[in-house]
Amino acid sequence: MNLSKGIFLVLIVLPTSWTRVSRLNDAIDQAAASYAATEYAQSIKNHRVLVDEFQVSSNYLDFNLGLSYHYASQPEEAAASFDKASQSKDKFLASFAYNQGGVVLGNKEDYQAALSKFQSALIQDPLNEEARYNYESLARWLKRDEERKKQKENIPEPSEFAKRKKAEADRLVEQFKFQEALILLEAALAQDETVMAYQEFITSLKDVVEINKK
């Protein structure tokens, strides 16, 4: 009698378990399909079902949800999901999550924080070429930006002489006399250091002259 009851209870419980597994598999398929179809708002909803209804806890799910938030233009939610995914014991996943977190921060112009994320991505997986490209590109840009800022701080106010020479150079450029304009400004710079205020213009003239020589 007891055995029969035991078997009866198992037979009642199993269909419920199968039903849940079936519904879970359907939910997983729907989440994957909506993301593949670039329906990111729906993808978020479908992934949230896995979290909220089925209590699925997975760093892979966090990463996929982060991508959906990112492409749905919800950067705060994306960043939070990528942060969760970056804690994965799977170093490849953690690396990709750190990289994507860096992309989100870079889009928000939080460049130093983004650089740190890209660096963390490389620590997790030194072979992550996308993270390496992002890290090196951003590091170079930040260095050049710092140099530009320092140059601007050191640019003097142009004197009246410098302004006149710049105006003469502009007229020459209008006549496509780039070489003459460059010679004029370089000569003026030798006489008056405040002509340095037009250094970017002089550099552009040099580039044009070099191109014309080829």
So how tilted is helix 129-154 from the main axis of the chain? Cα-based, degrees 0 to 90, rounded to 10. 30 degrees
In the stretch 76-170, lysine pairs 8 or more places apart or on different chains with C-alpha atoms under 26 Å apart total 22
May I ask you to derive the relative contact order of the stretch 79-191, considering only C-alpha pairs under 8 Å and at least 6 residues apart, and to give it as an integer percent? 15 percent
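How would the stretch 58-154 be classified by its alpha-carbon gyration tensor: rounded, prolate or oblate, with rounded meaning a/c under 1.5 and the a/b versus b/c comparison settling the rest? Intermediate results must be reported in sequence, preceding the final value.
Working: a/c = 3.27, a/b = 1.75, b/c = 1.87.
Note, shape of the stretch 58-154 comes out oblate.
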Quick one: among 51, 104, 195, which has the greatest mean-square fluctuation in a GNM of the chain with alpha-carbon springs under 10 angstrom? 195
Over the stretch 133-214, what relative contact order in percent results from Cα pairs under 8 Å that are six or more residues apart? 30 percent
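Rounded to the nearest 0.05, what FRET efficiency do residue 155 and residue 130 have when you use their Cβ-Cβ distance and R0 = 41 Å?
On the way: r = 37 Å, r/R0 = 0.91.
E(calc), rounded to 0.05, equals 0.65.
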More than 25 angstrom separation, counting every C-alpha pair in the chain; what % is that? 63 percent
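Quick check on the chain: helices-only [θ] at 222 nm, where DSSP H runs of length 4 and up contribute -39,500 (n - 2.57) each and the sum goes over total residues. Nearest 500, please.
Mean residue ellipticity at 222 nm (helix-derived): -27000 deg cm²/dmol.
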Per the rule of 0.36 nm per residue minus the C-alpha distance, extending residue 57 to residue 123 adds in nm 21.3 nm
Hey, what angle do you get for helix 199-213 against the long axis of the chain, alpha-carbon based, 0 to 90 degrees rounded to 10? 90 degrees
Taking loop as defined by DSSP and a crowding limit of 10 other beta carbons within 10 Å, which GluC sites (Glu not before Pro) in the stretch 64-110 fit? 109
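Just so you know, all these numbers are worked out from the coordinates, no wet-lab data involved. Nothing here was measured: the structure is a model prediction, and the numbers come from that model. Using ideal geometry, Cβ is built from the backbone for each residue, glycine included, and neighbour counts are taken over all protein chains shown.
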